[in-house]
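J.: Got a structure for you, questions after.
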Amino acid sequence: MAGRQKGSTTLTYIKDPILEPYFIQMDEHNYTLCKNVPTQNGSHYETKLGFYSDLNKCINRVVRDQITEKSFDSLQDFLTEYKELQNRLINHFNI
């Protein structure tokens, strides 16, 4: 985690390899989910995916974003992969 001052609010970051390309920006009010999006020239830009009142909701947004990057042949396949990814992240962070 690294922090910086913005006005009177201290911003803190969670950057963990298991989250990449996502990272979480925190302040005393909420968690902001951010994503590094690659560009065609090899660099990247940061985009904000949402603002959350608790860490669990923020992690669930990571799962939702990752799971929608592919297609599934059945609802069961989707639910199985969704739950596996969700459990992996939640258990990793012990939330």
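The values are calculated or read from the model by the stated rules, or taken from the named source; none is laboratory data. Because the structure is predicted, anything quoted here is derived from the model rather than measured. Don't worry about glycine lacking a Cβ; one is built from the backbone with ideal geometry, like all the others, and counts go over all protein chains shown. The area values use the complete protein model at the heavy-atom level, side chains included, leaving out ligands, DNA and RNA. Shrake-Rupley method; radii C 1.70, N 1.55, O 1.52, S 1.80 Å.
J.: Look at the stretch 43-95 and say how many of its residues are among the aromatic types (Phe, Trp, Tyr), open to solvent by 80 Å² or more (accessible area, probe 1.4 Å) and not in a strand (DSSP E or B).
T.: 0
J.: What number goes with the only condition from (1) surrounded by 14 or more Cβ atoms within 10 Å (Cβ to Cβ); (2) of a type in the set (A, V, I, L, M, F, W, C); (3) in contact (Cβ under 8 Å) with a residue 40 or more places away in the chain that residue 18 does not pass?
T.: If we test residue 18 against (1) surrounded by 14 or more Cβ atoms within 10 Å (Cβ to Cβ); (2) of a type in the set (A, V, I, L, M, F, W, C); (3) in contact (Cβ under 8 Å) with a residue 40 or more places away in the chain, just (1) comes out false.
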